[in-house]
Amino acid sequence: MDNDGGQRAEATPVPTRRRAGGDGLRVAAIRILNYLTNYLVAHIPSFTLRRLWLSRVLGIRLGPGAGVHLGCYVWFYGPSQIRRDGIEIGAYTRINRGCTLDMRGGLHIGANVSISPEVMILTAEHRLTDARFVEESRAPVAIGDHVFIGSRAVILPGVSLGRGSVVAAGSVVTRSVDELVVVGGVPAKPIGMRPADATAYTLDAPFPMLE
């Protein structure tokens, strides 16, 4: 997955536009959709309802058995952007409580990925060289199958996490990670390797009730 020697993908600068007129209605609609997604639906204790909203309303491609727990924040520019970028969460992937999923720059999460509580995955950031502080840089994040991300880790824009890799709790990942490599720290650095036969599992346990 990482073909660039551990470097992040190059970010694309995108100016933030000041919309007016008819575009104002579109912005208002997206703001309402954002509110409903992150402050209402995200806190309803039903995996089925949240799945239906994320897939049917927002347009996220959710594989069978994938689940998003309570209190996750989804950052987006609208359903059309999500569908255009092909945002995907793979089969039997579990995204735990209170995570932030930034989909503005593109996000692909593979199958059987375990994302622990309060992980933050970012795909967009302000450009510090912009004198008006309105221009954004966006770069997609790609997470391979059977990746495990510990609690409160931060994944920065442009990072790829190879199949079976592990991110220790509290780490800040600034560079891409090769397959089966364990990283930790701020910034995250390799601290170990995962056995090649340690990714034979399927995260198909039943979802807990009232969550």
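Data table
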quantity: Test: residue in the range 160-169 that is more than 21 Å from G90 (Cα to Cα), modelled with pLDDT under 95 and buried (at least 16 other Cβ atoms within 10 Å of the Cβ); calculated: no
quantity: Selection count, the range 35-74, where residues are among the hydrophobic types (A, V, I, L, M, F, W, C), over 21 Å from G110 (Cβ atoms) and touching a Lys or Arg at 6+ places or on another chain (Cβ under 8 Å); calculated: 4
quantity: Which numbered condition G24 fails, given (1) assigned to a helix (DSSP H, G or I); (2) modelled with pLDDT of 95 or more; calculated: (2)
quantity: Filtered residue count, the range 98-112, keeping only those that are more than 9 Å from the chain's Cα centre (by Cα) and free of Cβ contacts under 8 Å to residues at least 40 places away in the same chain; calculated: 2
quantity: Verdict on V119 being more than 11 Å from the chain's Cα centre (by Cα), crowded, with 18+ Cβ neighbours inside 10 Å, of a type in the set (V, I, T) and within 29 Å of A205 (Cβ to Cβ); calculated: no
quantity: Residue, farthest from I143 (Cα to Cα), within the range 54-93, restricted to residues that are in contact with a Ser or Thr (Cβ under 6 Å, 6 or more places away or on another chain) and buried (at least 19 other Cβ atoms within 10 Å of the Cβ); calculated: V74
quantity: Selection status of S116, in contact (Cβ under 8 Å) with a residue 40 or more places away in the chain and among the polar types (S, T, N, Q); calculated: yes
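The values are calculated or read from the model by the stated rules, or taken from the named source; none is laboratory data. It should be emphasised that the depicted structure is a prediction, and the values quoted were computed from it without experimental measurement. For neighbour counting, all protein chains shown are included, and Cβ atoms are generated from backbone atoms with ideal geometry for every residue, glycine included.
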